[in-house]
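Data first, discussion second: the structure below is written as structure tokens.
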Amino acid sequence: MRFTSTVKSFPRTFWTANTLELFERWAYYGIFNLLALYLTNSPETGALGFTQVQKGLIMGIVNAILYFLPIITGSIADRFGYKKVLIVAFAILSSGYYLMGMVSSFGAVFVTFLYVATGAALFKPIISATIAKTTHEGNASLGFGIFYMVINIGGLIGPVVASELREISWKYMFIMSSGAILLNMIIVVFLFKEPDREPVHEPWLTGLRQAFTNIFIVLKDLRFVTFLGILVFTWSVYWQYFYSLPVFLEQWVNTSPLFNAIHALSPGLASAIGTAEGIILTEKIIVLDALFIILFQVFISMIVMKFRPLSAMAAGIFINTTGLALAFLTHNPWIAIFSVLIFSIGEMSFSPKILEYIGRIAPHDQSALYMGTQFVPIALGNFIAGFISGGIYNSISDKYELIRKLLPQLSPRLPNDQLFREATIILNADREGLDQILWNTYHPYYFGFVLLGIGLFSMLLLIIYDRWARKTMDHSPSSMV
């Protein structure tokens with residue numbers, strides 16, 4: 001009864017904001033989960049055929065900028081109004097997603113993706129602020145729980161639909177995302193009501209300068225800056241789930257045994273999630289992270305709430321990193337699925353605890369200020385992740401780069417598909433045979449050990465930081481961290 005009354009306590013704007021979040025995440029993850037594949041797969045499939053280095057530059061730099069931009073865009077929304085800025089954001093996002101599917105050069109893709117990131121950065125702070133303004137102390141916990149669930153539902157549906165569409169044409173994936181945002185435009189025009197907010201009278205540049213000043217104030221806290229610095233390593237590994245793992249699974253993991261096993265149990269299900277060629281597309285495995293979060297987040301949260309934030313974070317980082325590394329160590333699609341589950345459990349353990357810890361150590365009158373800086377390590381992590389998934393992945397694990405090492409007589413200008421065919425002829429091997437030769441000769445799974453090393457280093461630093469922080473903190477309620 002109490003749950004029902006709490007749900008009914010949310011105003012219409014709360015539900016409208018969640019609907020906007022659903023379709024925005026649908027559109028964003030519909031592209032983002034498949035972006036590494038679209039950028040690097042062969043042009044013969046309708047993809048772009050970029051190198052791993054080019055992929056890393058596009059994804060790493062643009063996403064880093066996306067997480068920094070809300071410093072500016074949040075003040076824009078407060079000044080001009082949420083509804084007006086949402087309309088601008090959706091105009092940018094819808095046109096940007098469409099344009100991303102129409103361009104093919106490295107420069108054009110980079111610029112259009114940056115254009116999309118600008119729209120996303122306008123949207124992000126508005127929706128979070130709207131949820132905060134339409135909840136109160138009595139229903140905020142449930143309200144943000146619903147919001148987090150909606151994010152993952154959008155993150156699940158978008159890539160699944162995009163996966164079906166890319167079998168027809170990659171361009172339809174971008175049209176889908178553009179259409180989802182157009183639907184949001186209609187919703188915001190006719191249904192979104194501006195939440196109550198304090199009018200802003202100071203000049204915009206003054207507000208922007210104050211936002212940067214506030215960040216520098218926070219960054220003078222050595223203990224807090226150390227914590228954020230450790231998280232940079234954590235996020236640089238985490239983002240490999242989207243930057244490198246889709247490419248690795250596409251290149252090295254044969255999913256036909258997975259399809260056959262599902263087909264033996266339910267031909268209809270196999271037909272629904274598989275392809276006519278009898279395989280499960282890579283993104284159907286990647287999207288399981290969102291599914292596992294939807295299914296198990298409440299259960300995992302109930303477990304980790306019993307532990308100190310830093311202890312839960314350290315354990316979560318270890319689990320998350322181990323799961324991700326495991327996915328790079330095998331050809332087996334079943335182990336890949338199991339590794340995604342482990343990765344998700346780790347993510348559910350450490351990610352929510354970050355904000356909890358920041359809330360505990362922040363001075364009482366600077367809580368919002370400290371909370372606002374949690375995007376900094378995410379942005380820097382994305383930036384570093386781009387280079388890890390670019391040059392490092394390219395030299396250790398990229399199948400086509402390894403073929404060029406094995407057979408230097410082949411022209412480096414050959415498209416990847418033709419390069420692979422030429423290699424099978426020269427070596428008198430079928431596809432599986434060539435994969436095995438490359439696997440045994442160059443050990444592409446070593447990339448998993450690279451990620452494991454960075455992740456464990458991050459965990460070790462966090463444990464050391466925990467001991468140091470507890471020694472330097474005063475004996476106050478916030479010291480129990």
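In percent, what relative contact order does the stretch 208-279 have, based on Cα pairs under 8 Å that are 6 or more apart in sequence?
Taking the mean separation of contacting Cα pairs over the length of the stretch 208-279, I get 20 percent.
Can you give the net charge of the other residues whose Cβ lies under 14 Å from the Cβ of residue 389, counting K and R as +1 and D and E as -1?
Taking every other residue near residue 389 into account, the sum is -2.
Considering only DSSP states other than H, G, I, E and B, which trypsin sites (Lys or Arg not before Pro) in the stretch 346-454 qualify as loop sites with at most 12 other Cβ atoms within 10 Å?
Answer in residue order: 413.
Trypsin sites (Lys or Arg not before Pro), restricted to the stretch 207-238: which are DSSP loop and have at most 15 other Cβ atoms within 10 Å?
Qualifying residues, ordered by number: 220.
Once fully extended, how much extra length lies between residue 102 and residue 254, figured as 0.36 nm per residue of separation less the alpha-carbon to alpha-carbon distance?
Result for the pair: 51.7 nm of gain on full extension.
Roughly how big is the stretch 53-188's charge dipole about its Cα centre, with Cβ charges of +1 (Lys, Arg) and -1 (Asp, Glu), in debye to the nearest 20?
240
Distance cut-off 21 Å, Cα to Cα: go down the list 84/171; 55/353; 84/193; 124/171 and report the pairs above it.
84/171; 55/353; 124/171
Around residue 460, under 12 Å between beta carbons, what's the net of Lys plus Arg minus Asp minus Glu among the other residues?
That works out to 0.
What does the helix-only formula give at 222 nm for the chain: each DSSP H stretch with n ≥ 4 adding -39500 (n - 2.57), the total divided by the residues, and the result rounded to the nearest 500 deg cm²/dmol?
-25000 deg cm²/dmol
Using +1 at the Cβ of each Lys and Arg and -1 at the Cβ of each Asp and Glu in the chain, identify which of 305, 369, 27 lies farthest towards the dipole's positive end.
Going by the charge dipole, the pick is 369.
Counting alpha carbon pairs within less than 8 Å and at least 6 residues apart, what relative contact order, in whole percent, applies to the chain?
Relative contact order for the chain comes out at 23 percent.
Working with all protein chains in place, sort 430, 221, 466 by solvent-accessible area computed with a 1.4 Å probe, largest first.
Accessible-area ranking of 430, 221, 466, largest first: 430, 221, 466.
Quick check on the stretch 308-426: what are the equivalent-ellipsoid semi-axes from the Cα gyration tensor, as sqrt(5λ), descending, whole Å?
Working through the eigenvalues yields semi-axes of 42, 19, 9 Å.
Whole-Hz ³J(HN,Hα) for each residue in the stretch 164-171, computed from phi via Karplus 6.51 cos²θ - 1.76 cosθ + 1.60 with θ = phi - 60°, x for glycine and proline: what do you get?
Result, rounded to whole Hz: 5, 6, 5, 5, 7, 6, 4, 4.
Given 20 °C and 1.002 mPa s, how large is the Stokes-Einstein diffusion coefficient of the stretch 1-137 in µm²/s, with Rh as the Kirkwood radius over Cα pairs?
Here the translational diffusion coefficient equals 130 µm²/s.
Report in % the part of the accessible area of the chain that belongs to carbon and sulfur, leaving out ligands and nucleic acids; probe 1.4 Å.
Exposed carbon and sulfur together represent 68 percent of the surface.
Rounded to whole Hz and in sequence order, give me ³J(HN,Hα) for the stretch 248-259 from the Karplus expression 6.51 cos²θ - 1.76 cosθ + 1.60, θ = phi - 60°, writing x for Gly and Pro.
Those phi angles translate into 4, 4, 5, 7, 10, 10, 8, 8, 5, x, 5, 4 Hz.
Just add up the charged neighbours of residue 165: K/R +1, D/E -1, any other residue whose Cβ is under 12 Å from the Cβ of residue 165.
-1
To the nearest 20 Debye, how big is the dipole of the chain about its Cα centre, given +1 on the beta carbon of each Lys and Arg and -1 on that of each Asp and Glu?
Value, rounded to 20: 920 debye.
Quick one: what are the phi-derived ³J(HN,Hα) couplings along the stretch 174-183, Karplus 6.51/-1.76/1.60 with θ = phi - 60°, whole Hz, x for glycine and proline?
Result, rounded to whole Hz: 6, 5, 4, 5, 4, x, 4, 6, 4, 4.
With contacts defined as alpha carbon pairs under 8 Å and 6 or more residues apart, what's the relative contact order of the stretch 395-476 in percent?
Computed over the stretch 395-476, the figure is 31 percent.
The values are calculated or read from the model by the stated rules, or taken from the named source; none is laboratory data. Here the structure is a predicted model, which is why all the values come from computation and not from measurement. So basically every Cβ, Gly included, is an ideal-geometry build from the backbone, and we count neighbours across all protein chains shown. Note: accessible area is taken over every heavy atom of the protein model, side chains too, but ligands, DNA and RNA are not part of it. Shrake-Rupley method; radii C 1.70, N 1.55, O 1.52, S 1.80 Å.
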